[in-house]
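Working notes, beginning with the structure itself.
The values are calculated or read from the model by the stated rules, or taken from the named source; none is laboratory data. Here the structure is a predicted model, which means the values were calculated and not measured. Every residue, glycine among them, receives a Cβ derived from its backbone with ideal geometry; neighbour counts consider all protein chains shown.
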Amino acid sequence: MELHIRDVSKRYPNGVQALKDVTLTIPAGMYGLLGPNGAGKSTLMRILATLQEPDAGTIHLGGIDVVKQKDEVRKTLGYLPQEFGVYPKVSAEELLGHFALLKGIAERRARREVVEALLRQTNLWEVRRQKLGGYSGGMRQRFGVAVALLGNPKLLIVDEPTAGLDPAERVRFLNLLSELGENSAVILSTHIVEDVSELCTRMAIIDRGEILLEAEPLGAIDEMRGRIWRRVIEKGALAEVERTHAVISTKMLGGKTVVHVYGGTAPAPGWEPAEPDLEDVYFSTMAGHIGRRRAPTEAAA
Ligand code: ADP
């Protein structure tokens, strides 16, 4: 079931234009929505989850009009919000059972089976009787997924789920998501490039409410080949390099600075071609070297 988003715009009462003519087609599988804080990701996720109305535009999930048929969408949609609150004094098993009841699974045995299956799937079965207040960040996020999966959604929306997880929890969480992506559409909103590169078959980059690039991560990386140049410099030399080159990213490595610049040819002797990765795609897009914000002079060249 594909999700079609067409020309969706949203302006908040305070004047902030959070989304501008967003158009995206999201197929089954894992889809990454990548962008910095304030880009408009949560606004789009909330609109898709029918918690907010767009000012303009249309959204269709298969044959369902997401803006007009909210009840229909809610039956096929799971949503893990950025801030997922739990009742700290209740166990995972109890609370999930309660949500299952709210979802309409009235029969006791059916409910017990669903709760068990979801707690096993999210790897929380062993800790099902612990109070949620004692759960780690990763356990809480996995519990959020169990809740979002009640009712077998065809579309699962997860908003910035890995922020604040430690590396081991993050890997476990991403593995869980990738299993889910095999059966339904999963939209993962994130500002972390690795979340997308490790997991997603398709992606979009969003900034200041606008979609700058829609691509397959591997294809986009391939297209960067021969256009990223790398040099290791002393920290103090960075300002001069930034003044004279199209720097797209800098990283510290063993006390030195590794600089990546964008260009069709080597900027000067001393620069070596870099094997591109998704971070290069992301920063080149944000800087306007590729994608829809590309400067007119570069587009013409
Ligand atoms: P992201 O999830 O990418 O960080 P958001 O969708 O939360 O982005 O925010 C997009 C823009 O809209 C930001 O400038 C943010 O400050 C603004 N914004 C978000 N929610 C509201 C709101 N309820 N009222 C006013 N402005 C908002």
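Of the strands (runs of 3 or more DSSP E) that lie entirely inside segment 198-288, those containing 2 or more residues that are within 30 Å of Asp7 (Cβ to Cβ) span 202-207, 210-215. Scanning segment 148-177 for residues that are within 16 Å of Tyr79 (Cα to Cα) and among the polar types (S, T, N, Q), we see that the one that is nearest to the ligand (Cβ to nearest atom) is Thr162.
Considering only segment 137-162, how many residues are outside any helix (DSSP H, G or I) and either within 12 Å of Phe84 (Cα to Cα) or not assigned by TED's automatic domain parsing to the domain that holds Thr43 (or both)?
The total comes to 4.
Restricting attention to segment 262-276, the residues being touching a Lys or Arg at 6+ places or on another chain (Cβ under 8 Å) and surrounded by 15 or more Cβ atoms within 10 Å (Cβ to Cβ) number 5.
Look at (1) more than 9 Å from the ligand (Cβ to nearest atom); (2) touching a His at 6+ places or on another chain (Cβ under 6 Å); (3) not β-branched (Val, Ile, Thr) and you find that Pro36 fails only one, number (1).
Yes/no per residue for (1) in contact (Cβ under 8 Å) with a residue 60 or more places away in the chain; (2) surrounded by fewer than 22 Cβ atoms within 10 Å (Cβ to Cβ); (3) not β-branched (Val, Ile, Thr):
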residue: Val22; (1), (2), (3): yes, no, no
residue: Leu44; (1), (2), (3): yes, no, yes
residue: Thr50; (1), (2), (3): no, yes, no
residue: His60; (1), (2), (3): no, yes, yes
